[in-house]
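Below: one structure, written as structure tokens.
The values are calculated or read from the model by the stated rules, or taken from the named source; none is laboratory data. The structure presented is a predicted model; accordingly, all values stated were derived computationally and were not measured. Reconstructed Cβ throughout: ideal geometry from the backbone, glycine too, with neighbour counts over all protein chains shown. Accessible surface is based on the protein model in full, side chains and every heavy atom, while ligands, DNA and RNA are left aside. Shrake-Rupley method; radii C 1.70, N 1.55, O 1.52, S 1.80 Å.
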Amino acid sequence: MSAPFDPNRNLANVSLRHVGKPLVRTDAPGKATGRTPYAGDYVMPGMLHAKVLRSPMPSARLVRLDVSKARALEGVALVLTARDLPDRLAPTDIPGQTGQTRLKTDQQILVRERVRYHGEPLALIAAESVDVAEKAMSLIDYDLEPWPGVFDPESAMRPGAPVVQGTDNIVARHAIGKGDIDAGFAAADMVVERTYRTQFIEHAFLEPEVGLAWVDENDVVNIRVSTQVIEHFRFIADAIGVPHNKVRIMGALVGGGFGGKEDITVEIYLALLAKHTGRPVRLEFTREDSFVGHGKRHPFILTYKTGVKRNGKITALDVRLVSDAGAYVFLSPYVLLYGAIAAPGPYLIENLKVDAVSVATNNMYTSAFRGFGSAQACVAYEQQMDEVAQAIGIDRLDLRRRNYLKTGEPTATGYRVPSAVWTERCADIAWQALGEKTPAKGAIRIGRGLAAYQQSYGRLTFLHDTSEAWVGVEVDGTVIVRSGVTDIGAGQASALAQIAIEVLGVNMENVVVYNSDSAVTPLAGTTTATRALYMTGNAARVAAEAVRGRLVARAAKAFGVPVDDVVLADNKVSALDRPDKAMSFADLVRLCATEGIQRSELAMFRAPFTDRLDPATGQGQAFADFTYGAHAIEVAVDTETGEVTVLKSVACHDVGQCINPAAVEGQIEGGAAQGQGYALSEEMIYREGRLMTPSLSEYLIPTAMDVPVVKSIILESRSGVGPFGAKGIGEPALTPVAPAIANAVADAIGRRIHDLPITPEKVVRALHGID
Amino acid sequence: MPTVNLTVNGKAVSANVEARTLLVNLLREQLGLTGTHVGCDTSQCGACVVHVDGKSVKACTLLAVQANGSKVTTIEGLASGDKLHPMQEAFREHHGLQCGFCTPGMVMSAVCLAQNHPNLTEKDVREGLEGNLCRCTGYHNIVQAVLAGAQAMRR
Ligand code: FES
Ligand code: FES
């Protein structure tokens, strides 16, 4: 376990030249000029175009599938159905790096007989053009016989419900038990019980899923694809029946991910089509494909029962979580576990009980989405804090102050966080920064809300996470970083550059990062779970430090000074207080090269490895560390139309140490907009499993008109386990936003809407007392 | 197949297209100008915005044949040589992008907006970019970049 946070040790003697500066990212120029190639921009000679035929019904039996007319169409190279494939399944678990036992998550690649969700693929087509592929799609004849389905998790749990997965639709359960829950409730002066509901959410990254596959001269299936996870190559190889070293995934800069490109999307279809035709094949999802073609954010039903003393001290908390896993397992068990661990929020709850269950239905399958179960928990725990405060009649912030988890205290799983816990400071600062309250006027009421949070960064420690990076210096003094990490838009690659040049004392123009190739860049793991900076950033730092160590040793010898006196900065090498001793960085590298001193290093960073949590009590270590912070919101509610406008939005997060403050602010501002959509406008509506909102004109993400200016207040405790004391911010930026907005709306109208999104219609109904 | 003649980024171009080929497909697939992106099929996202005769247009809403005889500028035609257009420079400098997929469309819309509004305000920018979706940035830095870019264009 890491040493506990010590402000003196952690804050001492910090002087950074590049880290902590808002440098222009390495990927910015290419993106501003349109020169950056995305995965969809690659073409090859002789390339075929693919389409996926999908089931329009959510629960059915495929009784007939006739592709003969499609096959006969001129320009069609191949039509594949389940009958053409061996009975092989696709794994949908987290791609493991060190062999954790795999969950039973396998999914059929194409429908063999049973359709379990709207959009499940029935057939694959490869043709000379997209038009021909579409025509072929329309020529496929099939009969689907309706099959009894189940469309909400509560019904799916009942005995006798149609079975979608396993024997009883339960795909995961987690329990946490801490202290004495009965004694806790007995000691309470009041008990407050409420149920909150969250909805299906679409990632709506701007770049739909896309890829290009070809088989090369070594029989390797190459796939250039927009993905957060190049290490799916193993699962893809298993699914198509080739050895793991015969699938190579090359990423590209990704046009947005947010968890939606964390699972396999187009890869297996492409691999099969390329292998069967021997030709390059391109598959690009339409926006409508994208709506039905990747897992969504889990809807949760969260029931909170809180025992509290009149003075505001919470004595007991009993939480029940039910999540809708949809038709296949994917990452549902992990999302549920995150939700269970996050359930009490950033509070010290001594008597805690959490019962969490994830249930299969015939809705779209659900999987990773920024916030990963913790965001859903925050929607409930922060609204519950306001409800409890109101019930016992104390100030909302005071109630929180009486219960915040403090540095060194145990979390829900009994684990003591190794870093600073600055929740209270963040919440107070954010709340104050709202400033003077906007006056109400006519039908417009003003309300304010706050949400604090605790969000892990880095994977579950029982998954045994590792990450590799390679750093090398060239004889002209330039630097190369190689790492498999995927860059999904947050500046993951650029951050590695910034870390490497900080350690080596060169400038940003002198570094290039090569990333995201499963065959030639060292495997870095996934860009998910707010782990890229923490894990790969640490690996890059360790690698750069090893190179630096050798360079500095040689320079010390040349200068005749101790190694500690050698300074690397601005592409120069010098000795402390010895102006006569200096050379260029390039000269030092050349000197090392002529003597055969190694100028590169491959480093692996290991997260803490732990056992699984105790299955009965949920106690143990689950994560390496957590980020803390808060978001404060002011809204205006039009009581005539029900419309909610976000007027002010203030975030305060302790990010440990900014690597690039501009990138951190970017995460916070983007998270604020996504959180606003989550709270107010976004909802994938399913009727009996059928998606009713399959386009961006029906599924409404915020526009530039909808979002306010976000004030980002960034604190740096330098206590995180990332490089230079950094914590993660990717997911935390989003987590508190929706509950803060919900609390602000409740404050404005004096009634709470317990299910997201808070649409104008629901507001009007609440104001008229209609349930 | 109909032939279309148009000027793209200052060069005369002639191409055979299907009657229902969209301008965006002509640009991306036949002319290899992949800086113009496609993010939707309901003309909602604005990733495909280009200039047609000086006006910003969603290239997925226009047939290639409708652009016959027009002057088209794409993101690739905005810079002059190595020198970025002031709006591109502003997006780079003000961190107006993350994943960058919306960026070409944003930049093209922004240039047009700046040309049409001599005194661009924040409100003008937000209204003017309503047809350009971004899922990453929360728009804040984009708005700042557009304001700065517009100012630089006036110089
Ligand atoms: S591609 Fe979305 S508006 Fe043109
Ligand atoms: S930067 Fe990713 S969509 Fe705008």
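Which aspartates and glutamates, if any, have their Cα less than 19 Å from the Cα of A:K275, not counting same-chain residues under 8 positions apart?
Here the aspartates and glutamates satisfying the reach criterion relative to A:K275 are A:D84, A:D87, A:E128, A:D216, A:E217, A:D219, A:D238, A:E267, A:E284.
Return the lysines within reach of A:K309: Cα separation strictly under 29 angstrom, same-chain partners fewer than 8 residues apart disregarded; answer none if there are no such residues.
A:K178, A:K353, A:K406
Measure off 7 Å from each Cα along the Cα-to-Cβ vector at A:A175 and A:E193, then give the distance between these two points in nanometres to one decimal.
1.9
Please work out how much accessible surface A:Y38 shows to a 1.4 Å probe, ignoring ligands, DNA and RNA, in Å² rounded to 10.
0
Would you jot down the residues in segment A:196-236 that end up with at least 40 Å² less accessible area in the complete protein assembly than in the chain alone, with a 1.4 Å probe?
Buried-area filter returns A:L206.
Enter the buried accessible area of the B/A pair, total of both sides, probe 1.4 Å, in Å² rounded to the nearest 100.
Using a 1.4 Å probe on protein heavy atoms, the buried area is about 3800 Å².
Which of the residues in segment A:676-722 lose at least 30 Å² of accessible area when you go from the chain alone to all protein chains together (probe 1.4 Å)?
Buried by the other chains: A:L696, A:S697, A:I701, A:T703, A:A704, A:M705, A:V707, A:V709.
Provide the per-residue ³J(HN,Hα) series for segment A:643-651, in order, calculated from phi with Karplus coefficients 6.51, -1.76, 1.60 and θ = phi - 60°, each as a whole number of Hz, with x at glycine and proline positions.
Values, residue by residue: 6, 10, 10, 7, 8, 9, 9, 10, 10 Hz.
Ignoring ligands, DNA and RNA, what accessible area per residue does segment A:634-702 give at 1.4 Å, in Å²?
Here the residues of segment A:634-702 average 28 Å² of exposed surface.
So for A:L602, A:L212, what's the accessible-area order with a 1.4 Å probe, most first?
The ranking, largest first, comes out as A:L602, A:L212.
Only sites in a loop by DSSP and with at most 13 other Cβ atoms within 10 Å count here; which GluC sites (Glu not before Pro) in segment A:372-473 make the cut?
Sparse-neighbourhood loop GluC sites (Glu not before Pro): A:E436.
Whole percent per 10 Å bin, from 0 to the bin with the longest distance: what is P(r) over all C-alpha pairs of segment A:466-606?
Spelled out bin by bin, segment A:466-606 gives 13, 43, 29, 13, 2 percent.
Would you compute, from DSSP H runs of 4+ residues alone, the mean residue ellipticity of the protein assembly as shown at 222 nm, taking -39500 (n - 2.57) per run and dividing by the full residue count, rounded to the nearest 500?
-7500 deg cm²/dmol
Ignoring solvent entirely, what values of log10 I(q)/I(0) come out of the Debye formula for segment B:86-154 at 0.20, 0.25 Å⁻¹ when each Cα is a single scatterer?
At q = 0.20, 0.25 Å⁻¹ the computed log10 ratios are -0.66, -1.08.
For chain A, just say rounded, prolate or oblate: build the C-alpha gyration tensor, square-root its eigenvalues into a ≥ b ≥ c, call rounded for a/c under 1.5, and beyond that prolate if a/b exceeds b/c, oblate if not.
Oblate, since a/c reaches 1.5 and b/c is not below a/b.
Students sometimes get this wrong: rank A:R64, A:R448, A:R550, A:R83 by accessible area, probe 1.4 Å, all chains present, largest first.
A:R83, A:R64, A:R550, A:R448
Cα-Cα over 26 Å: which of A:K51/A:K246; A:K296/A:K762; A:K104/A:K261?
none
For segment A:753-762, just list the computed ³J(HN,Hα) in residue order, Karplus coefficients 6.51, -1.76 and 1.60, θ = phi - 60°, integers in Hz, with x standing in for Gly and Pro.
With coefficients 6.51, -1.76 and 1.60, one gets 9, 8, 10, 7, x, 8, 7, x, 4, 5 Hz.
Any chance you could look up the accessible area of A:I444 with a 1.4 Å probe, heavy atoms only, rounded to 10 Å²?
Counting only protein heavy atoms, the figure is 60 Å².
Over its Cα atoms, what ratio of radius of gyration to 2.2 N^0.38 Å does segment A:200-309 give?
Relative to the 2.2 N^0.38 Å estimate, segment A:200-309 comes out at 1.33.
What GluC sites (Glu not before Pro) does segment B:109-155 have in DSSP loop regions with at most 15 other beta carbons within 10 Å?
Answer by residue number: B:E130.
Take every DSSP beta bridge with both residues inside segment A:466-606 and express the antiparallel ones as a percent of the total, to the nearest 5.
80
Go through A:D219, A:D386, B:D124 and list them by solvent-accessible area, largest first, probe radius 1.4 Å.
Largest accessible area first, the residues go A:D219, B:D124, A:D386.
Cut-off under 16 Å on the C-alpha distance; same-chain residues fewer than 8 positions from B:K55 excluded. Which lysines are left, in chain and number order?
Here the lysines satisfying the reach criterion relative to B:K55 are B:K71.
Roll a 1.4 Å probe over the protein heavy atoms and report the accessible area of B:D41 in Å², nearest 10.
Number for this one is 80 Å².
Counting heavy atoms of the protein chains only and a 1.4 Å probe, report the per residue accessible area for segment A:466-606 as a whole number of Å².
On a per-residue basis, 36 Å².
For segment B:3-76, take the convex hull of the Cα atoms, compute a quarter of its surface area, and give me that in nm², please.
If you wrap the Cα atoms of segment B:3-76 in a convex hull and average its projections, you get 4.2 nm².
Running Debye on chain B with equal point scatterers at the Cα sites and no solvent, what base-10 log of I(q)/I(0) appears at q = 0.09, 0.14, 0.16 Å⁻¹?
Per q value, in the given order, log10 I(q)/I(0) is -0.27, -0.64, -0.83.
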